[in-house]
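J.: This structure is in structure tokens; I'll ask about it shortly.
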Amino acid sequence: MTYEFEKDHVVTIKDFSVEEVKSVFDIAEKMIPTAEGEEKISDLEGKLLATLFYEPSTRTRLSFEGAMKRMGGRCIGFAKPGTSSAKKGETLADTIRVAAGYADIIVLRHPHEGAAQLAANFSDVPVINAGDGAGHHPTQTLLDLFTINEEKGSVSDNHIGIAGDLKYGRTVHSLTNALSMFDTELTFISPPSLKMPDEILRELEKKGIPHKEVEGIEEVIEELDVLYMTRIQRERFPSDKDYEKVAESYHIEKEMLDRKDTKEDLDIMHPLPRVDEITADVDSTPFAKYFRQAANGIPIRMALLKLLIEG
Ligand code: NCD
């Protein structure tokens, strides 16, 4: 089987065609037994992944490293910039040029929007954006789409509600960009101060994707096929005072799900980490898909590493 995938780097999901998304899904599907430890492969034996993480991470870093190791590859890198030469004042461009000399592929997470594009400009090896400030998080989006496809049979023909911090949340910026490639209906749920940026909404208008904005989850939950919750991105607020004004704006709890006439197959997703947006009593309901979603990070990232390294 031949796959359509012509990329040197993965910086934003906007660079993907629907065919490329499907190629990633096809390979990810085949990777599941290896991702779960039931089969062994050595496709990336002798290859080295550098994970350069200038911001905290649990899932993204561990699943990239796990994906690399499941395919026989190895990893180097740092999880805190304080232990790298960034502390001595080295520029990102220099760090990238050095890491490109050591490794076959680089995964970068950085607090500045545009950092991944800059890294791609300076790297001779593929760079994958694992989150650049409030900008983009394309690999999270691929696993989000993969999860929706797995649960619903297709990404298209779903009404998807996206709730929480739509201003600073990079996962929802990338997800909305991606959903505009499919035939979906979108509802954005946020306080007025955390609305989806106009630029992204304009893009939806241009593409004719039906969408609306509301302030409360309860107003729309009964219409939704998927509810994508997010954390308020405290670290991106100008001050703690600004954060306090919107903290705890949104909660999903079992009591609400019991009370509301939600669709039986509503899927509740979350990129995680959650703070208090979804109470623990939701975890045991059939709606909770967020841990399954997180597990999908391994096969999706295996597929991406393979496509980018093997070229
Ligand atoms: C997200 C991120 O880092 O943007 N986490 C993740 O990668 N799964 C979401 C968040 O931090 O809220």
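The values are calculated or read from the model by the stated rules, or taken from the named source; none is laboratory data. Predicted, not measured: the structure shown is a model, and the values here were computed from it. Ideal geometry is used to build each Cβ from the backbone, glycine not excepted, and the neighbour counts take in all protein chains shown. The area values use the complete protein model at the heavy-atom level, side chains included, leaving out ligands, DNA and RNA. Shrake-Rupley method; radii C 1.70, N 1.55, O 1.52, S 1.80 Å.
J.: From LYS14, LYS40, grab the single residue that is open to solvent by 10 Å² or more (accessible area, probe 1.4 Å), assigned to a helix (DSSP H, G or I) and either touching a residue at least 40 places away in the same chain (Cβ under 8 Å) or not aromatic (Phe, Trp, Tyr) (or both).
T.: None of the other options fit; the residue is LYS14.
J.: Could you say which residue among ALA294, ALA303 is within 16 Å of the ligand (Cβ to nearest atom), under 29 Å from ASP26 (Cα atoms) and open to solvent by less than 60 Å² (accessible area, probe 1.4 Å)?
T.: ALA294
J.: Only one residue in GLY114, GLY169 is touching a residue at least 60 places away in the same chain (Cβ under 8 Å) and either within 13 Å of the ligand (Cβ to nearest atom) or not aromatic (Phe, Trp, Tyr) (or both), so which one is that?
T.: The conditions single out GLY169.
J.: Okay, next question. Of all residues being open to solvent by less than 10 Å² (accessible area, probe 1.4 Å) and not in a helix (DSSP H, G or I) in segment 133-157, which is farthest from the ligand (Cβ to nearest atom)? Just the residue, please.
T.: In this case the residue turns out to be VAL155.
J.: Those residues that are touching a Lys or Arg at 6+ places or on another chain (Cβ under 6 Å), away from the ligand (no atom under 16 Å from the Cβ) and either open to solvent by 20 Å² or more (accessible area, probe 1.4 Å) or hydrophobic (A, V, I, L, M, F, W, C) (or both), I need them from segment 257-284; list them, please.
T.: Those that are touching a Lys or Arg at 6+ places or on another chain (Cβ under 6 Å), away from the ligand (no atom under 16 Å from the Cβ) and either open to solvent by 20 Å² or more (accessible area, probe 1.4 Å) or hydrophobic (A, V, I, L, M, F, W, C) (or both): ASP281, VAL282.
J.: Still on this model: With the structure loaded, tell me whether SER239 is within 28 Å of HIS136 (Cβ to Cβ) and exposed (fewer than 14 other Cβ atoms within 10 Å of the Cβ) or whether it fails that test.
T.: Yes, satisfied.
J.: Could you say whether any residue in segment 132-146 is modelled with pLDDT of 95 or more and within 19 Å of LYS80 (Cβ to Cβ)?
T.: Within segment 132-146, one or more residues are modelled with pLDDT of 95 or more and within 19 Å of LYS80 (Cβ to Cβ).
J.: Something else: Within segment 53-60, can one find any residue that is touching a Ser or Thr at 6+ places or on another chain (Cβ under 6 Å) and either in a helix (DSSP H, G or I) or surrounded by fewer than 19 Cβ atoms within 10 Å (Cβ to Cβ) (or both)?
T.: For segment 53-60, residues touching a Ser or Thr at 6+ places or on another chain (Cβ under 6 Å) and either in a helix (DSSP H, G or I) or surrounded by fewer than 19 Cβ atoms within 10 Å (Cβ to Cβ) (or both): absent.
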